[in-house]
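Asks: Submitted below is the structure of interest, expressed as structure tokens.
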Amino acid sequence: MNAVKPMVLVTGGAGYIGSHTLIALAEANYDFIVYDNLCNSSKESLNRVEKIIGKSIKFQEGDIRDADCLERLFTTYNIDSVIHFAGLKAVGESVEKPIEYFDNNVNGTLVLLSVMKKYNCKQIVFSSSATVYGDPATTPIKEDFPLSATNPYGRSKLFIEEILRDVFVSDNEFKIVLLRYFNPVGSHSSGTIGEDPNGIPNNLMPFIAQTAVGKRECLSVFGGDYDTKDGTGVRDYIHVVDLALGHVKALDYFTSETSISPDETRVPFPKTNPLTVNLGTGNGYSVLDMLKAFERASEKKVAYKIVPRRAGDIAKCFADPSYAKKMLDWEAKKSIDEMCEDSWRWQENNPDGYQNPT
Ligand code: NAD
Ligand code: UD1
């Protein structure tokens, strides 16, 4: 058996991607503590992760903007790295509430970083997003493409990336990995944890799943006239279990004494620090591809109608994931059929998400 590695602080660990990442961390024998204010999640997700991993989870309820509460954690535990998921993520809401979004996401990250620095914890993996590429001129998208943002949520991710790059310039003992996720979907194969959006889902997969289970009548397909194979928007959907493994690879990268440089020679870590990588599959699927795959997985008909484009949407977005393979030895393995089967298992078993747990 491997020796237990030092403690990882997982902010936002009760949320959708965080809860799946806890399982990957446990399987890789990382010890961790979850810090979450539960503003968009429930403690029930952690209860269920405990059942999956077969051990109890250390959890502290708290806000990343609460320096005193964070400091208590750093004095209690020997935290040597942070996976930073905590943040607000609804694009539409961010347009309505920019001050709240910048306060929560940007200010929250600044508080976290200052506490980390005070306690000499200098390793952070940050949840960024493909949204930082704005409307890319071409696809597949590589990490060195120009960056832009069209809404406060996206801008909060861009600002945090810039802040982390500046933190490294000021103190190159920091080891930083920026993970740019494409479109995370799916659930753990147990069907006991998954995405549990509040109210009417904004994102495609939960909306399709809720339509299949009978909670919604009809999917509105936003735009049928894009320059894509069937006129509907194309995205890089990635199974959340694959995505979770990317975080373990990022932590492993911190502990490896050398890494692989872009010219494929082994170099000391700082050469590629901060490391910025896309986490995507490299495959683009249309809205109708996803709808058909979900119908196959659920054996349910999903009613849909084509409606006008959603403001701010782009035609095509998919990753070039080769840099993640080269630098982290990570690649996505799961197909869209597995994404839909696992989403359906979660949705069918938990029509109300984490509410009314059986
Ligand atoms: P989520 O809402 O399910 O999880 C985020 C968690 O952070 C929640 O449990 C929430 O309660 C917690 N949180 C929010 N603000 C907090 C604060 N101030 N203090 C403490 N906890 C706080 O979202 P997710 O889908 O798991 O996303 C995780 C991260 O990945 C987010 O930063 C998000 O922006 C980013 N991301 C998500 C997607 C996606 O499609 N899900 C895509 C790209 C990037
Ligand atoms: C959304 C966010 C983006 C975030 C990304 C990853 C918006 C505008 N953008 O991107 O910031 O980084 O999630 O989680 O919210 N669609 C429909 N009907 C629906 C819902 C979606 O047709 O009811 C279509 C969209 O037009 C798009 C595709 O499905 O073509 C995927 O949409 P969605 O799941 O919302 O993700 P993104 O728009 O890629």
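The values are calculated or read from the model by the stated rules, or taken from the named source; none is laboratory data. Here the structure is a predicted model, which means the values were calculated and not measured. Glycine also receives a Cβ, built like all others from the backbone with ideal geometry; neighbour counts cover every protein chain displayed.
Asks: Just checking, does region 324-342 include any residue being in contact (Cβ under 8 Å) with a residue 60 or more places away in the chain, assigned to a helix (DSSP H, G or I) and among the acidic types (D, E)?
Replies: yes
Asks: Kindly indicate whether any position in region 33-43 is within 16 Å of ligand 2 (Cβ to nearest atom) and not in a loop (DSSP other than H, G, I, E, B).
Replies: For region 33-43, residues within 16 Å of ligand 2 (Cβ to nearest atom) and not in a loop (DSSP other than H, G, I, E, B): absent.
Asks: Does region 108-121 hold any residues that are more than 13 Å from ligand 1 (Cβ to nearest atom) and either touching a Cys at 6+ places or on another chain (Cβ under 6 Å) or among the hydroxyl-bearing types (S, T, Y) (or both), and which are they?
Replies: Matches in region 108-121: S114, Y119.
Asks: Using beta carbons and a limit of 6 Å, which pairs, at least six apart or on different chains, have the first residue in region 207-234 and more than 16 Å from S286 (Cα to Cα) and the second one among the small types (G, A, S) and surrounded by fewer than 19 Cβ atoms within 10 Å (Cβ to Cβ)?
Replies: So the pair list comes out as C218/A303.
Asks: So which residues in region 74-89 are among the aromatic types (F, W, Y) and either within 17 Å of L179 (Cα to Cα) or in a strand (DSSP E or B) (or both)?
Replies: Answer for region 74-89, where residues must be among the aromatic types (F, W, Y) and either within 17 Å of L179 (Cα to Cα) or in a strand (DSSP E or B) (or both): just F85.
Asks: Tell me, yes or no, whether region 323-334 has at least one residue that is closer than 17 Å to Q210 by Cβ and aliphatic (A, V, I, L, M).
Replies: no
Asks: Among the polar types (S, T, N, Q) and buried (at least 17 other Cβ atoms within 10 Å of the Cβ), is that true of N78? Let's see the steps before the verdict.
Replies: Numbers: among the polar types (S, T, N, Q): yes; buried (at least 17 other Cβ atoms within 10 Å of the Cβ): no.
No.
Asks: Within region 122-157, how many residues are crowded, with 21+ Cβ neighbours inside 10 Å and away from ligand 1 (no atom under 14 Å from the Cβ)?
Replies: Residues that pass the stated criteria total 1.
Asks: Here's a check for you: in region 213-258, which residue that is under 26 Å from H20 (Cβ atoms) and β-branched (V, I, T) is surrounded by the fewest Cβ atoms within 10 Å (Cβ to Cβ)?
Replies: The qualifying residue surrounded by the fewest Cβ atoms within 10 Å (Cβ to Cβ) is T255.
Asks: Let me ask you something else. Keeping to region 12-32, report how many residues are of a type outside the set (V, I, T), within 12 Å of ligand 1 (Cβ to nearest atom) and in a helix (DSSP H, G or I).
Replies: Looking only at that region, the number is 5.
Asks: Looking for whichever is more than 13 Å from ligand 1 (Cβ to nearest atom) and either closer than 30 Å to R310 by Cα or under 20 Å from the mean Cα position of the chain (by Cα) (or both) here; the options are E71, E96, E50, E44. Which one fits?
Replies: Result: E96 is the single residue among E71, E96, E50, E44 that is more than 13 Å from ligand 1 (Cβ to nearest atom) and either closer than 30 Å to R310 by Cα or under 20 Å from the mean Cα position of the chain (by Cα) (or both).
Asks: Could we say that L70 is in a helix (DSSP H, G or I), touching a helix residue (DSSP H, G or I) at 6+ places or on another chain (Cβ under 8 Å), away from ligand 2 (no atom under 16 Å from the Cβ) and closer than 11 Å to I193 by Cα here?
Replies: no
Asks: For region 17-51, enumerate the residues that are under 17 Å from N105 (Cα atoms) and either surrounded by 24 or more Cβ atoms within 10 Å (Cβ to Cβ) or among the polar types (S, T, N, Q) (or both).
Replies: G18, Y35, D36, N37, N40, S41
Asks: In region 146-176, what count of residues is obtained for those that are out of contact with any Gly (no Cβ under 9 Å at 6 or more places or on another chain), of a type outside the set (S, T, Y) and farther than 26 Å from E100 by Cβ?
Replies: 7
Asks: Could you figure out which of (1) away from ligand 2 (no atom under 12 Å from the Cβ); (2) modelled with pLDDT of 95 or more; (3) not polar (S, T, N, Q); (4) not in a helix (DSSP H, G or I) isn't true of E161?
Replies: If we test E161 against (1) away from ligand 2 (no atom under 12 Å from the Cβ); (2) modelled with pLDDT of 95 or more; (3) not polar (S, T, N, Q); (4) not in a helix (DSSP H, G or I), just (4) comes out false.
Asks: While we're here: I need the full set of residues from region 315-335 which are in contact with a helix residue (DSSP H, G or I) (Cβ under 9 Å, 6 or more places away or on another chain), more than 24 Å from I176 (Cβ to Cβ) and surrounded by fewer than 22 Cβ atoms within 10 Å (Cβ to Cβ), in order please.
Replies: Result: K333, K334, S335.
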